[in-house]
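Asks: After the structure tokens below, expect a handful of questions from me.
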Amino acid sequence: SILGSLKLVQAGVTGEIGDKTQSMVAIARNNTERLSVLVNDILDVEKLEFDQLKISSESVPVIDTMQQAIRQMQAYADGFEVELVLQTAPDVNEQDHVCADAHRVMQIMTNLLSNAIKYSEPGAKVIVSLTKVDQQVQISVKDFGRGMPDYFRKQIFQKFSQADSTDKREKGGTGLGLYIAKALTEKMHGSIDFESELGKGSEFFVRLPLDGKSE
């Protein structure tokens, strides 16, 4: 309700506001959105730990879902001057579906894309690519940012993990996104892994089982 009210004020529904007030409302809205993400992440973590998070099983169109994820994150990417690119291998087509929870797939993609975007330099690309591996669809999210140090690799999927102590202030985030992404992927009978080279970027791989109806 706080976020909704701030959006209405910012949109001028309650009347015109000056530039200084507009700036303060924008700061309040951004911080409220960050707080909302934090609360939702903590709630998801609690549900995961008590095995109370509901995961549905449905036929999810792969290409269409990735296109939706990119559209959803486009404004965020624009703010960092990062280009989002979708690449599809010849063995993946519009008829391919995965057996998963559509909402949770989007949640995973939002986490992976937001990380890739905020650790990229202005003018860089983040590439989402699709291919098939052993009756699974592999979704990869690749950035060309700073990569991650060796010591961080073993803890990357742990709760509240950040590559260094300044990340939360410099880049934002809760340190819960990858923990949640891994848990959700595994609950949908998939897997998640990554490769990273310091100074050259990172690539995350999510594999989800093909739906039997896919052609």
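Asks: Looking for something of a type in the set (D, E), out of contact with any Lys or Arg (no Cβ under 8 Å at 6 or more places or on another chain), under 19 Å from S202 (Cα atoms) and surrounded by fewer than 18 Cβ atoms within 10 Å (Cβ to Cβ) - is there at least one such residue anywhere in the stretch 115-124?
Replies: Looking through the stretch 115-124, at least one residue is of a type in the set (D, E), out of contact with any Lys or Arg (no Cβ under 8 Å at 6 or more places or on another chain), under 19 Å from S202 (Cα atoms) and surrounded by fewer than 18 Cβ atoms within 10 Å (Cβ to Cβ).
Asks: Answer with yes or no whether T21 is on the phi < 0 side of the Ramachandran plot, in a helix (DSSP H, G or I) and modelled with pLDDT of 95 or more.
Replies: no
Asks: While we're on this one: What are the pairs with Cβ atoms under 8 angstrom where one residue, in the stretch 113-128, is of a type in the set (D, E) and the other, located anywhere, is open to solvent by 20 Å² or more (accessible area, probe 1.4 Å)? Sequence gap at least six, or different chains.
Replies: If the second residue must be open to solvent by 20 Å² or more (accessible area, probe 1.4 Å), the pairs left are E121/F144.
Asks: Mind checking which residues of the stretch 102-131 are in a loop (DSSP other than H, G, I, E, B) and within 15 Å of the chain's Cα centre (by Cα)?
Replies: Scanning the stretch 102-131 gives Y119, S120.
Asks: Residues of the stretch 44-64 being at pLDDT 90 or above and either open to solvent by 90 Å² or more (accessible area, probe 1.4 Å) or part of a helix (DSSP H, G or I) (or both), which ones? Talk me through it step by step, then tell me what you get.
Replies: Step one: filter the stretch 44-64 for residues at pLDDT 90 or above, giving 56-64.
Of everything in the stretch 44-64, those that are at pLDDT 90 or above and either open to solvent by 90 Å² or more (accessible area, probe 1.4 Å) or part of a helix (DSSP H, G or I) (or both) turn out to be S57, V62, I63, D64.
Asks: Moving to a separate point now. Considering each residue of the stretch 19-33, count those that are open to solvent by 60 Å² or more (accessible area, probe 1.4 Å), β-branched (V, I, T) and closer than 16 Å to L3 by Cβ, and give that number.
Replies: Of the residues in that region, 1 qualify.
Asks: Can we say K182 is among the charged types (D, E, K, R), open to solvent by 40 Å² or more (accessible area, probe 1.4 Å), at pLDDT below 95 and under 30 Å from N31 (Cβ atoms)?
Replies: yes
Asks: Against the condition out of contact with any Cys (no Cβ under 9 Å at 6 or more places or on another chain), modelled with pLDDT of 95 or more and open to solvent by 40 Å² or more (accessible area, probe 1.4 Å), how does H103 come out, does it pass?
Replies: no
Asks: Please name all residue pairs, on different chains or six or more residues apart, with Cβ atoms under 7 Å, provided the first residue is in the stretch 63-78 and is in contact (Cβ under 8 Å) with a residue 24 or more places away in the chain and the second residue is open to solvent by 80 Å² or more (accessible area, probe 1.4 Å) and small (G, A, S).
Replies: Short answer, once both residue conditions are applied: none.
The values are calculated or read from the model by the stated rules, or taken from the named source; none is laboratory data. On a predicted model such as this, the values are computed, not experimentally measured, just so you know. Glycine gets a Cβ as well: all are built from the backbone with ideal geometry, and neighbour counts include every protein chain shown. Calculation scope for accessible area: heavy atoms of the full protein, side chains included, ligands and nucleic acids excluded. Shrake-Rupley method; radii C 1.70, N 1.55, O 1.52, S 1.80 Å.
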